[in-house]
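**Q** Please read through the structure below; I'll follow up with questions.
The values are calculated or read from the model by the stated rules, or taken from the named source; none is laboratory data. Computed from a prediction, not measured in an experiment: that's the story for all the values here. Cβ: placed from backbone, ideal geometry, glycine included. Neighbour counts: every protein chain shown.
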Amino acid sequence: MANLTIPYNLSRSQALIEITRAYKDERVPMLEKADLHRTYLRGADLSGGDIREADLSDSDLRDAYLCGAYLRKANLSGANLRRANLSKAILIGVNLVGANLCGAILRKADLRTTDLCSVDLSSADLQGANLLQANLIGVDLNRADLNSANLSNANLSGANLNGADLSQANLSNAILKDADLRNANLSNAMLKGCNLSRANLNQANLVHTNISFANLSSADLTRAYLYTANLNGTNLVEACLSQANLSGASLHCTHLFKACLEQADLRKADLSDANLNKADLSSADLSRADLSRANLREANLCGAYLCAANCTMAILQDAQLSGALLSNLILTGAQLQGIKAEPDDFVNFDIASLSSSFLDEHTAQRMGLSQSVI
């Protein structure tokens, strides 16, 4: 009954005639405010058509061609758009509630501010699509191609992005809380200021990614690849980065309180001024890493590789260093009060270099160090 109150420009029969004539005349169909509710349009060519405010709800548009179509404020709720081609289509304000876009092609489509909740976009091609401020809460984007897409300020909370390609995508200030990004490709993506708290990024590719000033608290980055990534000022409190590759990454002023970095690769990483209080860095490789002025109070560095690392003016009070490799470690001005280490841990270490560090007498005696280094 609701459809009877809508002032349609074209009835269903008129709309179907227009589609047929447009195809024969080799022109774009004019379907503004057309009634195409529950219409079979599988494989139909509606490319470039004016379909704004048309009712295509519950219609079968599988394999249809809608390239460059103007669909602003059209009703596509419940429509089956599986494998449909919507490249460069204008979809601003479109009703897509319950629509199936699985395997659809949406390259460079305009979906700004569009509500895509409950839409199936698994395996969809969204390369270069504009999803600025789009609502994608809980959406299935499993293995979707979002290369170079604009997702700035979009809400992807709880979205399934498992295996999705987000390389070179713009996700600045996007919300990705509790999102599933396992095995996702985020290389060279812009994630500055985004919210990824509790997100699952297990084995995700974040090479050369800018994640500065983002929220990754309690996120799972186990075995993630973050080579040369920018994590400056990022919140990684209680995040899991076990076995992650952070070699050459920039973590200046990063918050890593109680973070798990067990067996992580942090070679040549910049951790200057980072907060690693109570962090687990056991068996991590910190060779040639910059830890100057870092807070490592009560951190677990057992079995860690600290060869040639720079710990100038770092806080290592009550840190555990048993079994750590400390050759050529720089500890100028470092605070070492209460560190947990054994004399054997300093076998290949220049003890004289501790003269400029802060080490309490009790700890020095326990470690078998001479009075001259206190």
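**Q** Tell me which of these A64 doesn't satisfy, since it passes every other one: (1) closer than 18 Å to Q14 by Cα; (2) among the small types (G, A, S); (3) out of contact with any strand residue (DSSP E or B) (no Cβ under 6 Å at 6 or more places or on another chain).
**A** (1)
**Q** Test L36 against the criterion of being more than 36 Å from the chain's Cα centre (by Cα), touching a residue at least 24 places away in the same chain (Cβ under 8 Å), over 20 Å from D125 (Cβ atoms) and buried (at least 22 other Cβ atoms within 10 Å of the Cβ), and give yes or no.
**A** Details: more than 36 Å from the chain's Cα centre (by Cα): yes; touching a residue at least 24 places away in the same chain (Cβ under 8 Å): yes; over 20 Å from D125 (Cβ atoms): yes; buried (at least 22 other Cβ atoms within 10 Å of the Cβ): yes.
Spelling it out, L36 is indeed more than 36 Å from the chain's Cα centre (by Cα), touching a residue at least 24 places away in the same chain (Cβ under 8 Å), over 20 Å from D125 (Cβ atoms) and buried (at least 22 other Cβ atoms within 10 Å of the Cβ).
**Q** Then there is this: If I filter region 220-253 down to residues being polar (S, T, N, Q) and not in a loop (DSSP other than H, G, I, E, B), which single residue comes out as nearest to A279 (Cα to Cα)? Step through it out loud before you land on a result.
**A** Of all residues in region 220-253, those polar (S, T, N, Q) come to 222, 228, 230, 232, 234-235, 242-243, 245, 247, 250.
Now narrow it down to the ones that are not in a loop (DSSP other than H, G, I, E, B): 230, 235, 245, 250.
Values: N230: 20, N235: 13, N245: 17, S250: 17 Å.
Going through the qualifying residues, I end up with N235.
**Q** Just to be sure I understand, how many residues within region 151-175 are out of contact with any Asp or Glu (no Cβ under 8 Å at 6 or more places or on another chain) and more than 16 Å from S118 (Cα to Cα)? Can you show your working first?
**A** Step one: list which residues in region 151-175 are out of contact with any Asp or Glu (no Cβ under 8 Å at 6 or more places or on another chain), which gives 151-156, 163, 166-175.
Still in the list and also more than 16 Å from S118 (Cα to Cα): 151-153, 163, 166-175.
Number satisfying all stated conditions: 14.
**Q** With the requirement that a residue be buried (at least 20 other Cβ atoms within 10 Å of the Cβ) and either farther than 17 Å from I19 by Cα or of a type in the set (S, T, N, Q) (or both), what does region 59-79 give you?
**A** The answer is S59, N75, L76, A79.
**Q** With the requirement that a residue be surrounded by fewer than 18 Cβ atoms within 10 Å (Cβ to Cβ) and either out of contact with any helix residue (DSSP H, G or I) (no Cβ under 6 Å at 6 or more places or on another chain) or at pLDDT 95 or above (or both), what does region 319-332 give you? Reasoning before the result, please.
**A** So in region 319-332, the residues surrounded by fewer than 18 Cβ atoms within 10 Å (Cβ to Cβ) come out as 322-323, 327-328, 332.
Scanning region 319-332 gives S322, G323, S327, N328.
**Q** Against the definition (in contact (Cβ under 8 Å) with a residue 24 or more places away in the chain and farther than 21 Å from A124 by Cα), how does L10 come out, yes or no? Can you show your working first?
**A** Numbers: in contact (Cβ under 8 Å) with a residue 24 or more places away in the chain: yes; farther than 21 Å from A124 by Cα: yes.
Judged against the criteria, L10 is a match.
**Q** Related question: Can you tell me how many residues within region 80-92 are among the polar types (S, T, N, Q) and either part of a loop (DSSP other than H, G, I, E, B) or crowded, with 24+ Cβ neighbours inside 10 Å (or both)? First the steps, then the outcome.
**A** We begin by selecting, within region 80-92, every residue among the polar types (S, T, N, Q); these are 80, 85, 87.
Okay, now just the ones that are also either part of a loop (DSSP other than H, G, I, E, B) or crowded, with 24+ Cβ neighbours inside 10 Å (or both), so 87.
Qualifying residue count, region 80-92: 1.
**Q** Could I ask something else about it? Condition first: surrounded by 24 or more Cβ atoms within 10 Å (Cβ to Cβ) and under 21 Å from Y227 (Cβ atoms). Now tell me which residues in region 147-164 satisfy that.
**A** L161, A164, listed by residue number.
**Q** It is to be established whether one or more residues within region 36-46 are of a type in the set (A, V, I, L, M), assigned to a helix (DSSP H, G or I) and out of contact with any Gly (no Cβ under 6 Å at 6 or more places or on another chain). Write out each step before concluding.
**A** We begin by selecting, within region 36-46, every residue of a type in the set (A, V, I, L, M); these are 36, 41, 44, 46.
Narrowing further to those that are assigned to a helix (DSSP H, G or I): none.
Looking for residues that are of a type in the set (A, V, I, L, M), assigned to a helix (DSSP H, G or I) and out of contact with any Gly (no Cβ under 6 Å at 6 or more places or on another chain), one finds none in region 36-46, hence no.
**Q** Has region 145-168 got any residue that is on the phi > 0 side of the Ramachandran plot, charged (D, E, K, R) and touching a residue at least 12 places away in the same chain (Cβ under 8 Å)? Show your work before the answer.
**A** Step one: of region 145-168, the residues on the phi > 0 side of the Ramachandran plot are 148, 153, 158, 163, 168.
Applying the additional criterion that residues be charged (D, E, K, R) yields none.
No, every residue in region 145-168 fails to be on the phi > 0 side of the Ramachandran plot, charged (D, E, K, R) and touching a residue at least 12 places away in the same chain (Cβ under 8 Å).
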